[in-house]
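Laboratory data are not the source of any read-out in this text; all were calculated from the coordinates shown. In this text the structure is predicted, and so the values were computed from the model without any measurement. Cβ placement follows ideal geometry from the backbone for every residue including glycine, while neighbour counts extend to all protein chains displayed.
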Amino acid sequence: AAFSASSARQQAPPPEEEEEANDYDSDEATTLGSLEFGLHYDQESNSLHCSILKAKTKRTATAGGARGISLYEDEASCEERGRILISLMYSSQSNSLIVGIVRCVHLAAMDANGYSDPYVKICLKPDMGKKGKCKTQIKKRTLNPEFNEEFSYDIKHSELAKKTLDISVWDYDIGKSNDYIGQLGITAKGERLKHWYECLKNKDKKIERWHTLCIENHVASD
């Protein structure tokens, strides 16, 4: 979405659900996925530049179920568990990072009633201790919760490049361990890393981005 400077753009094939077996498929060739890219010809240097905008693989079934590999937004090996809208801003006035949890959509249902009772945990690490951990309120019986909550971390701007912001979504359960829904590491890679660097470069500007929630290594809920 942010790579619109190309003078020519090759569109990706239709969504994989609608794909027919193409003419190039044979015993010797297998379609692994699709690429969306942009081309720009620089007349001064007489060179052609190619920018990869999006890569997406076909989902592949495994013996354990329909877990596939998706490179959507440069997120490899991701089983999607919903999407989350996050805002980031560094305030030069208060010398703090302000993290906004706006809302989630299409969360995985963890309860027998077909819903979840989601809340979001935010952790700025390393070396932040309890000051680095925050939680949103719990939203009952929904897969599309609206949070609209902001959390502030007192930290020097120069120290942010050494930090990682982990954001995870959980399903609250009474009397037993809460169920893990999914998470993202905001400084990991692709669109997530880009969002983080945009925040670092643009002080006092709130930047909102959608991100995909995946199953990643996590610790038990407290």
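Under 12 Å from a label point 7 Å along Cα→Cβ of Tyr172: give me every residue in segment 125-140 with its amide N that close. Within reach of a label on Tyr172, which here means backbone N under 12 Å from a point 7 Å along Cα→Cβ, segment 125-140 contributes 135-140. Per-residue Cβ neighbour counts within 10 Å put Trp196, Trp210, Trp170 in the sequence Trp210, Trp196, Trp170, beginning with the fewest.
Once Rg and the Kirkwood radius are both taken over the C-alpha atoms of segment 83-212, their ratio Rg/Rh works out to 0.98. Shape summary: segment 144-205 maps onto an equivalent ellipsoid whose semi-axes, from the alpha-carbon gyration tensor, are 27, 14, 12 Å in decreasing order. Summary value for segment 83-212: 32 percent relative contact order, contacts being C-alpha pairs under 8 angstrom separated by 6+ residues. Using a cut-off of 31 Å between Cα atoms, the listed pairs Lys140/Lys203; Lys176/Lys206; Lys130/Lys206; Lys176/Lys205; Lys176/Lys201 include Lys140/Lys203; Lys176/Lys206; Lys176/Lys205; Lys176/Lys201 as exceeding that distance.
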